[in-house]
């Protein structure tokens, strides 16, 4: 959570342009996408991870897979579906109600007791939530963070998984998992 290290766990948008411009050009040509449109899609799908509320990083796993495959998909989410998170949501579905506007104290966010870890810190620590804003307590109050889902990849895949989990319909599970 230190601002000194907020930019070391992913690619920022400068690195996107410096490291991947040739890949993006090839993908644009192959798919007849207008210049700039692909970059905007990449920003929407894979950008947004933050530990300080200011710097934003791309998910490196998803970004690298996107560059290899040349299509938008939930690469990170597909690498390991969070069954244990869905089990918690089955027991307490009301937790899901407002994942876009969570405010949590830094003392709650940094808990590390895996046996009794509350759901919101668990979502943060597993990458399903990110810092949207750091709220300085100005000595009078503890510092806190406003959290949100980081990007379209996580939002789309997580919401789909929640619907499937809470409705428990085999037909929807089979339909969404076919490739």
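Derivation of every value follows stated rules applied to the coordinates shown; laboratory data play no part. Remember, predicted model here, so these are calculated numbers, not experimental data.
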Query raised in the report: What are the radius of gyration and Dmax of segment 79-168, computed over its Cα atoms and given in Å?
Result: 13.8, 47
Report summary line: At 37 °C in a medium of viscosity 0.692 mPa s, segment 3-77 has a Stokes-Einstein diffusion coefficient, with Rh taken as the Kirkwood radius over alpha carbon pairs, in µm² per second, of 259 µm²/s
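Working out 0.36 nm times the residue gap between residue 113 and residue 141, then minus their Cα-Cα distance, what length gain in nm do you get to one decimal?
Details: separation 28, 0.36 × 28 = 10.08 nm, distance 2.40 nm.
This chain segment gains 7.7 nm when fully extended.
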Query raised in the report: Which length gain, in nm to one decimal place, applies between residue 86 and residue 26 when the Cα-Cα distance is subtracted from 0.36 nm times their residue separation?
Result: 17.8 nm
Query raised in the report: With Rg and the Kirkwood Rh both taken from Cα atoms, where does Rg over Rh land for the chain?
Result: 1.00
